[in-house]
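Here the structure is laid out as structure tokens; the discussion comes afterwards.
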Amino acid sequence: MRRAHRSLLAIWLGAVALWLAAVPAVAQAPAWPTRTVRFVLTLGPGSGTDIGGRLLADRLTKKWGQSVVIENKPGGDSIVGINAFVGARDDHILLLSPTSAFTAHPFLHDSLPYKPDDLVPIARVSNTFVGITVPTPSPANSLNELIVLVRDKPGELNWAGVTGANAFMFEAWLQANKLDMRKVPYRNAVDAGRDLAENRVQAYQSAVAIAQPQIELGKIKLLALLNSVRTPAYPGIPTVAEAGHPGLTIDGLVGLFGHPFMPMALRERIAADIKEVMEGDPIVKDRLTRTGQLFNPGGPAEFGASIVTQRATVKAAANALGLHEKQ
């Protein structure tokens, strides 16, 4: 009888050992990717996000052994691209976007077809440099000279306003300094840049990547950067804080977002892969630098914290303009 009990115990212990050995394998995140990965971009071709996204897609294709495809879906104040991502509900379809594209949404739209919780941070990829630009014929060669110019011509000068966080920051700055400029709304950042180069508008908060061709052609001037650090592409251009206007500071964040159902382990692994492939290729850093971007990788928690900070900055600017969250 004792021998039988010992045999049964041995069988039971063996079964438990096999079950315990299998648990870690079950708990692991499933294999990913298993097919083509698609990055939905809220901006069109030629933007800084598009340039960085294509560099990233090429490197990740080699890393993952699966194609990584860029899908540009601009328009609708970035809602077109966000809707395409949210509606897909597919862990192989991710969103690549500047956070400034949507952090102003609650103050601009009575209703939105998505919830903030639908955009789950995976990885911060880069910082986009954004600057105050003016046409080359403008007598303003600094932010303070722009103030003098506007005060000399109240209500006579135009500024290009492309919906989003950067426009909030500039408009709040104008109000704080009692500057009277007329806002000309634009849906497309490239169109705003063209009109600035032709002096149809006299100031614009432009992504350096978009402004760069016109800067190199000598058609527009970069006065100061909204970011907290200078861009290596134009090391002589001060930040707005260095120019004496720290209230204009906002760091442009570009990152990758996933769906709420994606496990944290998978999100962290994707972030680690992004950091690895981009840090391991000096061409990536060089291209980003030359197009007015700063490679600044961060995981889900770090990226999420950066977004919280930006939301607070945008909220303060919106409230200063008398705007409050509509939902």
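For this structure, a couple of remarks:
- Subset of the stretch 89-134 [farther than 30 Å from ARG200 by Cα, in a loop (DSSP other than H, G, I, E, B) and touching a residue at least 40 places away in the same chain (Cβ under 8 Å)]: ARG89, ASP90, ASP91, HIS92, ASP110, SER111, LEU112, LEU119
- If you check ARG267, ARG290 for being basic (Lys, Arg), surrounded by 19 or more Cβ atoms within 10 Å (Cβ to Cβ) and outside the structural domain of TRP173 (by TED's automatic domain parsing), only one passes: ARG267.
- Of the residues making up the stretch 54-63, just one is touching a strand residue (DSSP E or B) at 6+ places or on another chain (Cβ under 7 Å), in contact (Cβ under 8 Å) with a residue 12 or more places away in the chain and over 14 Å from GLY255 (Cα atoms), namely LEU60.
- Inspection of the stretch 61-80 identifies at least one residue that is outside any loop (DSSP other than H, G, I, E, B), farther than 27 Å from GLU279 by Cβ, assigned by TED's automatic domain parsing to the domain that holds PHE257 and modelled with pLDDT of 85 or more.
One line per residue, one yes/no per condition, for (1) aromatic (Phe, Trp, Tyr); (2) assigned by TED's automatic domain parsing to the domain that holds SER100; (3) closer than 19 Å to ALA101 by Cβ; (4) touching an Asp or Glu at 6+ places or on another chain (Cβ under 7 Å):
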| position | (1), (2), (3), (4) |
| --- | --- |
| ASN227 | no, no, yes, yes |
| ALA271 | no, yes, no, no |
| GLU279 | no, yes, no, no |
| LYS315 | no, no, yes, no |
| ALA320 | no, no, no, no |
| GLU325 | no, no, yes, no |
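- Scanning the stretch 71-93 for residues that are of a type in the set (Asp, Glu) and over 15 Å from the mean Cα position of the chain (by Cα) returns GLU71, ASP90, ASP91.
- Of THR61, THR133, THR42, all but one fail to be of a type outside the set (A, V, I, L, M, F, W, C), under 30 Å from GLY244 (Cβ atoms) and surrounded by 14 or more Cβ atoms within 10 Å (Cβ to Cβ); the exception is THR133.
- Number of residues in the stretch 65-85 that are surrounded by fewer than 16 Cβ atoms within 10 Å (Cβ to Cβ) and in contact (Cβ under 8 Å) with a residue 60 or more places away in the chain equals 1.
- Filter result (among the β-branched types (Val, Ile, Thr) and not in a strand (DSSP E or B)) within the stretch 201-252: VAL201, VAL208, ILE210, ILE215, VAL229, THR231, ILE237, VAL240, THR249, ILE250
- Residue, surrounded by the fewest Cβ atoms within 10 Å (Cβ to Cβ), within the stretch 195-221, restricted to residues that are modelled with pLDDT under 90 and within 21 Å of ILE79 (Cβ to Cβ): ILE210
- The residue that is modelled with the highest pLDDT, among those in the stretch 172-194 that are charged (D, E, K, R) and assigned to a helix (DSSP H, G or I), is ARG194.
- The condition of being modelled with pLDDT of 95 or more, among the acidic types (Asp, Glu) and more than 23 Å from VAL208 (Cα to Cα) does not hold for ASP110.
- Search result, residues across the stretch 152-171 that are surrounded by fewer than 18 Cβ atoms within 10 Å (Cβ to Cβ) and in a loop (DSSP other than H, G, I, E, B): LYS153, PRO154, GLY155, GLU156
- Within the stretch 135-151, one or more residues are farther than 20 Å from LEU321 by Cα, in the same structural domain as ILE237 (by TED's automatic domain parsing), part of a strand (DSSP E or B) and at pLDDT 95 or above.
The values are calculated or read from the model by the stated rules, or taken from the named source; none is laboratory data. Please read all numbers here as calculations on a predicted model, not as lab measurements. Cβ atoms come from the backbone with ideal geometry, glycine included; neighbour counts cover every protein chain shown.
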